[in-house]
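Read through the structure below, which is laid out as C-alpha cells, and then see the notes.
Just so you know, all these numbers are worked out from the coordinates, no wet-lab data involved. Keep in mind it's a predicted model, so treat the numbers as computed, not measured. Methodologically, a virtual Cβ is constructed for each residue, glycine included, from the backbone with ideal geometry; neighbour enumeration extends over all protein chains shown.
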Ligand code: 6MZ
C-alpha cells in the first residue's frame with residue numbers, strides 16, 4: 001500500500017453519494033456563470049458571504065441562493081452539471097457519483113427543463129465516472145409545492161430510468177418537516193430514498209424518519225445518545241442499521257459538530273456501523289472527497305487500508321444495479337492488488 005496519505009487519498013477510486021449540485025460548484029465556476037454587475041451593493045454583500053471561511057448553517061443557505069442565481073437558465077444548469085462531474089473525476093478520482101439536486105423553476109425554465117438539463121450533462125459525460133441522479137425535495141416548501149415537485153420527479157424517472165435513481169429530503173433543517181406520505185409514494189414508484197436526518201436535534205422527526213426506514217440517511221449528526229440523540233431512536237437505528245452519509249467538513253463548518261475529532265463518525269467506526277464519507281457541498285465548504293478521507297485518517301486513527309475498505313463497503317450502499325456494483329468492486333480489487 002502507498003505510504004503517502006495524500007497520494008493514497010487522491011489515487012484511491014472513490015464513491016461519492018452525498019453531493020448537492022449547487023453546493024458543489026467551484027468558486028471559478030460560480031464566477032463564470034454569475035453575470036452579476038460587480039459594482040453593485042448586492043454583489044459586495046454576496047462577495048462578503050463567500051469570503052467567510054466559517055459560516056453558520058443559516059449563512060450556508062445564503063450561499064445556496066447565490067449559486068441558484070448562477071444556475072437560472074437551462075444552459076447554466078447544463079454547464080454547472082458538466083463542471084461538477086469533471087471536477088469530481090479529474091480532481092478527486094471519484095469513479096461513481098450520485099449527484100443530487102432540487103428541481104427548480106425559473107423564468108423561462110420549468111422544473112422539467114431543469115432536470116432535463118442535468119440529465120443531458122450526465123448522459124453526455126464521457127469520462128470514466130458513472131453518474132446517477134437523486135432529486136431533492138426542499139423541506140422549506142409547502143405540501144402543495146412538494147407534491148408538484150414529486151410529480152415532476154416521477155415523470156422524469158419514467159423518462160430517464162437509467163439516470164434518476166433516488167429522492168432526497170434536504171433544505172434548511174430549521175424549517176419544514178418530513179412528510180412520510182410523499183416519500184412512501186416515491187418508494188412505491190421505485191425510487192430509493194436518502195433523507196437528511198438529525199442535522200439538528202429533533203427527536204420526534206428522527207423517529208418518524210427511522211420508522212419509515214430510508215435506504216440511506218444524510219448526516220445523522222444528533223442521532224447517537226452521546227451526541228444528543230434519544231436512546232429510543234438509537235435503539236431503532238441499531239436494529240435497522242441504515243448507512244449514514246457522513247460529511248465531516250460541512251458539519252464542522254456549520255458548527256453542528258464541535259470538531260473533526262468530536263464528529264459522530266467516531267461512533268459508527270467504533271461499532272462497525274454502516275457509513276460512507278461524502279463532501280455535501282464541496283464548493284461551499286472548500287473541500288474535496290480526498291480531503292474528507294484524509295480527515296478520517298488524521299482524526300480517527302485509521303490506516304490507508306481502512307480507507308480502501310470504506311470505499312469498497314460504500315459500493316453496497318449505492319442506488320444502482322448489481323451489475324454496476326460488481327464492476328466497481330472489481331475496479332477496487334484490481335486497484336488494491338496493484339498497490340500492495
Ligand atoms: C440540508 C442542504 C445542505 O439542490 O440546488 N442542501 N440541505 N443540509 C445541508 N447541509 C449543509 N447542503 C445543501 O443544491 C443546493 C441545495 O441543497 C440543499 C439545500 O436545499 C440547498 O439549497 P441544489 O443543487
Provide, in order from the shortest bin, the percent of all Cα-Cα pairs of the chain in each 10 Å bin, continuing until the bin that contains the maximum pair distance.
5, 26, 36, 25, 6, 0
Computed over the Cα atoms of the range 216-340, what is the convex hull's projected area averaged over all directions, in nm²?
8.2 nm²
Taking a quarter of the surface of the convex hull around the Cα atoms of the range 43-180, what do you get in nm²?
9.4 nm²
Sort 182, 133, 307 so the one with the fewest other Cβ atoms within 10 Å of its own Cβ comes first.
182, 307, 133
So which residue, out of 87, 48, 75, gets the largest mean-square fluctuation from a GNM of the chain using Cα contacts under 10 Å as springs?
48
Nearest-5 percent of antiparallel DSSP beta bridges in the chain?
5 percent
I'd like the distance separating the alpha-carbon centroids of the range 148-195 and the range 213-233, in whole Å.
21 Å
At what distance in nm do the modelled label points of residue 203 and residue 124 sit from each other, each positioned 7 Å from its Cα along Cα→Cβ?
5.2 nm
Taking the chain as a Gaussian network, Cα atoms linked when under 10 Å apart, which of 21, 328, 273 shows the biggest mean-square fluctuation?
273
Along the three principal axes, how long is the range 143-255 when you take its alpha carbons, biggest first, rounded to the nearest angstrom?
44, 31, 27
